[in-house]
Amino acid sequence: MGLANQPTPPKLARWLLSLSIAWKFKEEAESDLDELFHIRCSNWGLRYARRLYWQDVLSIWVRRSWFEELEFTQLNFFPMFKNYLKVTFRALKKQKIYTFINVFGLAIGLAFCALIFLYVQDELTYDRFHENNDRIFRIEQRYFGTDGSVRFDNPNGPIPLAPTLKQEIPGVEAYTRLFRRTHYVQVDNEPIRESVHYADADILKMFSFPIISGNSETALLNVNSVVITEEIATKYFGKTNVVGETLKIRKEEDFEDYFVTAVVGKSPDNSTVKFELLIPIQGDARYRPPYLDRWNMNLYKTFIMLEKQVDAAQLKEPLAAFRERHNGDYNQVLRERHEIPENQLVSTYHLNPLPEIHLNSVSDPMYSYILSGIAIAILLIACINFMTLSIGRSSRRSKEVGMRKVVGAFRHQLMFQFWGEAFLICGISMILGVLLAGGFLPVFNALSGKSLAFNYLENWETLVALFGFMVLTGFIAGSYPAVILSGFKPVTTLKGSLKLSGSNFFTKSLVALQFALSVMLIISTLVMKNQLQFIRSQDLGYNTEHVVYIPLNRLDGLKIANNFRTAIGGHIDIVDITATGVAVGFKGSYGYGVEYNGESIDINVFTVESNYIDFMEMELVAGRNFSPDLATDTTESVIITETFAREFGLNDPIGKQVPALTPGKDTHGGAIIIGMVKDHYFQSLYDEMDPAFLTMNPAWGHGNLLIRIRPENMQETIAMIKDTWNTFVPEIPLNYRFLDEDMYEEYANDERWANIVNYSSLFAIFIACLGLFGLVTLTVSSRIKEVGIRKVLGASVLQISGLFAKDFVKLVAIGVLVASPIAYYAMNQWLNNFAYHISVGIIHFLLAAIIVLVIALSTISFQAIKAGFTNPAETLSNE
Amino acid sequence: MNRSQKIGELEELILLAIGGLSNEAYTVSIQQLLESTSGRVISMGALYTSLERLGKKGYATSEMSKPTAERGGKSKRIYKVTYEGEQILHETRAVRDRLWNQFKWSPAWG
């Protein structure tokens, strides 16, 4: 026995066996199994011996845990359990502050986790409720670059795309094109602006919208039919059973009658395709020749549903060929422009699977990651509180541990006790957390722009996740006391020779980590707020204050503007009135995409009136303004921006023809540049400024009315505008907004994120400070004798307070140092979304550091100062 | 000691094996004996559980032997059948005998 080349039992099984802590037969079993192994080895061979060794180990494991252990502790198992509970509750009650800090902190952390779980779940299950989600695809135009990488995807497609695809590519079962417009809708009451979707009849077959009444098969066959949601039905008819009723929609100049053919339930919020009113696409103004077979006008979104057995991957090549067949000319242009080699694809039609559309192109999965990160950070901070406070109190608990061990407790029983305590606290926190989450939910919905709801009965995943969070938190939070405290030797703890006053390295690094996390969130808050403020205060190059903005929806802007000028133009509270094509400050203005000297340049066109530059308070830097008296100015003159001159390399633009546009073919081709305005941010600050020019040419329509009013008597002025509107356009109610309000809607998404980060950092620093408060209280109480002696020896209050503050200030400083580079990196990533942005500066870090220091110091100060004022006679007398 | 404690089949076999091994009855030898006589491979988990039960019911006792060289200097637990253990074996045997005597052997099976 014991020779080196002797076969040995399987290591893993052996290790498994050695794990049977505190089992009566453990020692015996090891040598028994060894002996058996050797007997079997010599009798039956190694393989058999090893197999039976495993079998034995497993059988021991299975039986031991269920029978032996229970019988073994049968005598005092349940009474001990009762004792654990009693001791736990006593400890909780005796130290109310710590209990509060732990429970409250964990509850907030868990509430955050619950909310963010809902958010992420919503994001990940987008469109999953559509039964056919695995075979519905959105057809997108995918453009490749010179190196074969994807340049960009255009989700819109030409009108003939879907029907042609069904004819030419086998396996396409159904299709729908989808397009949204805003129209006035009327029953008997005042017309209301609604968003109206145009679609093909198959849409109701492809997507699983719950039909309440009507026939989904035939609902959209007639060009005058409309499918509406329950909400719309209730809004206009006061009831939902409205199939056959008439609804007026003003698509063009007049209201047309539509017959309700079906009513559908509200579509879930996490559906990419949503509608309120749905009418056949055949009714759209563009759905007529010559657009019907134009392949170069991308207007409608196109969804197709494949037949069940068709594999989408197999359609890749047919689709590329299809693209070349129908968009070959454009492919050729692009191939030359981007110098794409002959053997590479220029563009293709790409199938974007429905369940992936949301995360691929609408929302950024990054948001889910960031939110999860924030939730985990906050939960971690709360867990660290639990741990550091346990460590701080461990000198008290260690006596209990020693006592229990002396009277015969095994280590695993103590582990059971401490982890049990952690789970109990987590359980209480969880209940509180769920209540808190319910309370936060409306706020969170407002912040995240979703409408989530806790539905524990239907959404069992939430329950599972909550339970999982609880177990995980309990496990992490309880790990220190369970693993370390239970390992103490009774002799050292009872003699009191164990040093554990909350000042060890582990505690310190945990506290530093907490502050690092808090500081990261605070720096992010500061940078985000600063950037958004930068956007608001940016000199846009024009004045948007007190401008009433009225979208006209296909009314003649010039006529209305003239009517308004005659009626109220002279009023003291009206500063100026003008009609314009596109209002400034929005993404995606109208314009041209042109080729110039081998570069593709987007030109934005603003259709204006002659008073526009004065109205917007823009600055003319060269040439002259439009003149209302010159007839030629109406069609043959433009005013360019500085960027325009720069991009097209015009040194002396005045008097020259507009470059890159062809006279006769392009509406503004051949026009003469008569002036140049200073650059102004007509787009949002996410984008680089594009070249632009102003024109008075009415061909593209003056679709908006702008009225600048004086800030005084705003109420009356608006009422007056309303009256005037009603005299000239009695059939449509006035719909107005303020230009500056509207402009900031572009940034609403980032405002929301800034707010979420802001609130999170508040909670993070709050929980961290709760922990700090607990910790400093512990430290002070454990060093109170030292304080007494120091005072006797002549220390001042300030010195004593400084003694305690110093340690924690150091930790906060370390936290700031750790957090800064990470926050710097993360914030630069975010700022890159904006073409015009601030830079993350030392000021942000300093400010965050000062904020955290001040908060931390004021948390500490109460206890530290109290310690400074203690009477040494009191603390030293009892020994 | 509660006399009405029932005894299972495996427990009975183990008890018999202990008796048969007299002073050499420890886990490995019990296991080996049962394996060679009955052909059944009894897992150690089952063996420990049964031995523990037999001890609880008072049918077997055990004590540690002196450390032996063959087990790498470790001692082994030697089992003995108690008076109650022998009684219950008798009882079980008696019940079986009575039933055996009443058994009507079918002539058809020879």
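May I have the convex hull volume per residue, in Å³, for the Cα set of the range B:9-100? If you can, show how the numbers build up before the last one.
Values: hull volume 9.2 nm³, N = 92.
Expressed per residue, the convex hull around the Cα atoms of the range B:9-100 is 100 Å³.
Rounded to the nearest 20 debye, the dipole size of the range B:9-100 about its Cα centre is 240 debye, using +1 on the Cβ of Lys and Arg and -1 on the Cβ of Asp and Glu.
Which pairs, out of A:LYS405/A:LYS810; A:LYS251/A:LYS308; A:LYS205/A:LYS308; A:LYS235/A:LYS274, put more than 26 Å between their alpha-carbon atoms? Among A:LYS405/A:LYS810; A:LYS251/A:LYS308; A:LYS205/A:LYS308; A:LYS235/A:LYS274, the Cα-Cα distance tops 26 Å for A:LYS405/A:LYS810; A:LYS251/A:LYS308.
Across chain A, the mean sequence separation of Cα contacts (distance under 8 Å, 6 or more residues apart), normalised by length, yields a relative contact order of 14 percent. Taking a spot 7 Å from the Cα of A:GLU599 along the direction of its beta carbon, which residues of the range A:621-665 have an amide N less than 12 Å from it? Hits in the range A:621-665 for A:GLU599 at 12 Å: A:643-650. Our summary gives the range A:362-518 a relative contact order of 49 percent, counting only alpha carbon pairs under 8 angstrom and 6 or more residues apart. Of the options A:PHE144, A:ASN563, A:MET80, report the single residue whose Cα projects farthest towards the positive end of the charge dipole of the protein assembly as shown (beta-carbon charges: Lys, Arg +1; Asp, Glu -1). Of the candidates, A:MET80 comes out farthest on the positive side.
If R0 equals 51 Å, the separation of the Cβ atoms of A:VAL809 and A:LEU359 corresponds to a calculated FRET efficiency of about 0.70. Computed from Cα positions, the angle between helix B:9-21 and the longest principal axis of chain B comes to roughly 60 degrees. Over the C-alpha trace of the protein assembly as shown, radius of gyration and Dmax come out as 41.1, 134 angstrom.
For the range A:477-483, 3J(HN,Hα) computed residue by residue from phi via the Karplus equation (6.51, -1.76, 1.60; θ = phi - 60°) reads 5, x, 5, 4, x, 5, 8 Hz, glycine and proline entered as x.
Our summary gives chain B a relative contact order of 26 percent, counting only alpha carbon pairs under 8 angstrom and 6 or more residues apart.
Need one value for B:21-30: mean number of C-beta atoms belonging to other chains within 10 Å of its residues' C-beta atoms.
On the way: counts 0, 0, 0, 0, 0, 3, 8, 9, 1, 0.
What the average comes to for B:21-30 is 2.
Considering only the other residues whose Cβ falls under 15 Å of the Cβ of A:PHE773, what net charge follows from Lys and Arg at +1 and Asp and Glu at -1?
Numbers: positive: A:LYS96, A:ARG393, A:LYS866; negative: A:ASP807.
Combined, the nearby Lys, Arg, Asp and Glu give +2.
When only the Cβ of Lys, Arg, Asp and Glu is charged (+1, +1, -1, -1), the dipole of chain A relative to its Cα centre reaches about 6140 debye. Near B:VAL95, once Lys and Arg are set to +1 and Asp and Glu to -1 for all other residues with Cβ below 14 Å from its Cβ, the sum equals 0. Scanning residues 5 or more positions from A:ILE603 or on other chains, those with amide H under 5 Å from its amide H are A:TYR592, A:GLY593, A:VAL594, with H placed 1.01 Å from N in the peptide plane. Close amide H contacts of A:THR641 (hydrogens built in the peptide plane, cut-off under 5 Å, sequence separation of 5 or more or a different chain): A:VAL677, A:ALA692.
Name the residue farthest towards the positive end of the dipole of the range B:1-109 from the options B:GLY45, B:GLN32, B:TRP100, assuming +1 on Cβ of Lys and Arg, -1 on Cβ of Asp and Glu, about the Cα centre. Working it through, the farthest residue towards the positive pole turns out to be B:GLY45. Rounded to the nearest 0.05, the FRET efficiency derived from the C-beta distance between A:GLU131 and A:ALA313 at R0 = 22 Å is 0.50. Label 7 Å along Cα→Cβ of A:HIS571; the range A:684-718 residues with amide nitrogen under 18 Å? The answer is A:705-718.
Estimated from helices alone, the mean residue ellipticity of chain A at 222 nm is -17000 deg cm²/dmol (sum of -39500 (n - 2.57) over DSSP H runs with n ≥ 4, per residue).
Projecting the Cα positions of A:LEU803, A:LEU739, A:TRP753 onto the charge dipole of the range A:734-810 (unit charges on Cβ atoms of Lys, Arg, Asp and Glu, taken about the Cα centre) puts A:LEU803 furthest along the positive direction.
For the segment A:54-60, counting C-beta atoms of other chains within 10 Å of every residue's C-beta and taking the mean gives 5.
Mean per-residue shielding of peptide B:38-50 is 6, counting Cβ atoms of other chains within 10 Å of each Cβ.
Just subtract the alpha-carbon distance of A:ARG180 and A:PHE862 from 0.36 nm times their residue separation and send over the number in nm, one decimal. Each step should come with its number before you reach the end.
Details: separation 682, 0.36 × 682 = 245.52 nm, distance 6.11 nm.
Computed gain between A:ARG180 and A:PHE862 is 239.4 nm.
Given R₀ = 35 Å, FRET efficiency for A:LYS399-A:LYS26 by Cβ-Cβ distance, to 0.05? Step by step, r from the Cβ atoms, then E = 0.75.
Quick note: the coordinates plus some simple rules give every number you see, no bench work behind them. Values in this document were obtained by computation on a predicted structure and should not be read as measured data. Every residue, glycine among them, receives a Cβ derived from its backbone with ideal geometry; neighbour counts consider all protein chains shown.
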